[in-house]
Every structure is written in structure tokens, then in C-alpha cells.
1. Which helices, counted as full DSSP H runs in the chain, have an axial Cα extent of no less than 20 Å and a Kyte-Doolittle average of -0.5 or above?
2. Give me the compactness ratio for the chain, meaning the Cα radius of gyration over 2.2 N^0.38 Å.
3. Among Thr167, Thr75, what is the fewest-to-most ranking by other Cβ atoms within 10 Å?
4. Cross-link candidates for Lys102: which lysines have Cα within less than 18 Å, leaving aside residues fewer than 8 places away along the same chain?
5. In Å and whole numbers, how far do the C-alpha atoms of segment 77-176 stretch along each principal axis, longest first?
6. At a Förster radius of 41 Å, what calculated FRET efficiency corresponds to the Cβ-Cβ distance of Gln98 and Lys166, to the nearest 0.05?
7. Within segment 93-168, which trypsin sites (Lys or Arg not before Pro) sit in a loop by DSSP and count at most 13 neighbouring Cβ atoms inside 10 Å?
Amino acid sequence: MQTSERCCKRHCCGNFNRRLRTIASLITQYEVLDGNPADQNQVEASLLHHQATFDRPPDCYAADRGFQSVDNEKTSKEEGGKQVSIPQRGGQKTPRRQAYEKTPAFKQGQRFRSGIEGRISVLFRGRGMKRCRAKGRERFEVFVGTAVLANNLLRIAALLVEKKKKTKKKNFRRSKAAAA
């Protein structure tokens with residue numbers, strides 16, 4: 001199970017950030033945060049939440065540069081993550097770091113993380129989060145929650161349709177083989 005996290009600034013009802021975590025394009029965790037807290041401070045809490053929700057650490061923890069610190073990478077590995085995919089933030093990369101960031105596992109984690117960017121785009125464009133007209137934090141939290149719920153319901157419906165199509169193809173092949 002891979003997990004990724006992305007924070008981004010939202011200018012609706014003041015400055016709120018939300019933390020977004022997805023698995024199979026389903027959003028499994030989101031949070032509306034006060035102000036614009038540093039991304040680095042979010043890693044440990046998100047790992048603990050994942051552990052509590054799924055009773056195991058993520059197979060891969062992927063995030064963008066804002067989450068990178070030696071402590072965060074160490075915490076991610078200590079919490080049981082098999083693969084940590086957080087690019088180095090600024091500065092000169094050591095040859096060891098360059099080699100690490102070119103590994104297939106690291107690149108796979110970053111590809112997964114880029115899918116989170118797409119999910120955020122879907123929330124903004126397709127799920128009505130482009131603009132919040134509601135006033136106040138409580139209403140903004142409801143607004144974000146309904147967009148996440150709508151996303152998950154539509155994604156579950158799409159997954160069920162895919163499953164049904166696969167089942168039909170499988171049954172068709174079986175009947176065709178039986179007839180031959």
C-alpha cells in the first residue's frame with residue numbers, strides 16, 4: 001500500500017491548508033490546518049495516522065521537497081516504511097544522494113506522489129473545490145469534506161464498473177472456450 005501526502009495553500013476562507021492522503025485514488029485522510037504550518041512538521045503525525053487506520057506502516061512514503069529533513073526520513077524508516085521517497089530540498093546533493101534519487105524505487109514513489117497532484121486537480125476542477133463561498137472555518141471544513149466524499153463515491157463507482165467489465169470479459173471467454 002503506497003501513501004503520499006501533499007499540502008497546498010487554499011485562499012477561500014482565510015488561509016487554510018489541508019493534508020491529503022490517497023490510496024488507489026481514494027482519499028483516506030484529509031485535514032484542514034490553521035494558517036500555513038511547515039510541511040516538515042506533518043510527517044510524524046501522518047505516519048501515526050496511517051498506522052492507526054490500516055494497522056501497519058505504509059509500504060512507501062512519498063512527499064515533495066517541503067517535507068524533506070534528515071529527521072523526517074529517519075522517522076519514516078523507523079516507523080516501518082520500506083521505501084521513503086522525499087527529494088532533497090535545496091543544496092548540493094552528495095553522489096550518494098544522487099544515486100539514491102535515481103533508484104527505480106525512489107522514482108516509483110515520486111510517480112505515485114505526482115498522482116496526488118492529479119487528485120488535487122480533480123478536486124479543484126471536477127469536485128467543486130475551486131471556490132468556497134461559505135464563511136467560517138466550520139463551514140469550510142464541511143465544504144472540503146463533501147468534496148472528498150464526492151471524490152471517493154465517484155471513484156468507488158468507477159472501480160465497481162471496471163470490476164464488472166472484467167467479470168463480463170472473463171465470463172465471455174469462459175463461455176467461448178466451453179462452446180469450442
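1. On the way: long enough: 104-126 (32 Å, -0.43); 137-179 (63 Å, -0.37).
Membrane-span-like by this criterion, though nothing is claimed about a membrane: 104-126, 137-179.
2. Working: Rg = 19.5 Å, N = 180, 2.2 N^0.38 = 15.8 Å.
My calculation over the Cα atoms of the chain gives 1.23.
3. Sorted ascending by nearby Cβ count, the order is Thr167, Thr75.
4. Counting by Cα, and skipping residues close in sequence, Lys102 has these lysines nearby: Lys82, Lys93.
5. Largest to smallest, the principal-axis extents are 56, 55, 26 Å.
6. Values: r = 41 Å, r/R0 = 1.01.
Step by step, r from the Cβ atoms, then E = 0.50.
7. Details: sites: Lys93, Arg96, Arg97, Lys102, Lys107, Arg111, Arg113, Arg119, Arg125, Arg127, Lys130, Arg131, Arg133, Lys135, Arg137, Arg139, Arg155, Lys163, Lys164, Lys165, Lys166, Lys168; in loops: Lys93, Lys102, Arg127, Lys130, Arg131, Arg133, Lys135.
Qualifying residues, ordered by number: Lys93, Lys102, Lys130, Arg131, Arg133, Lys135.
Values in this text are rule-based calculations from the coordinates and carry no lab data. Note that the structure is a prediction, hence the values are computed from the model and not measured. Every residue, glycine as well, gets a Cβ built from its backbone with ideal geometry; the counts of neighbours run over all protein chains shown.
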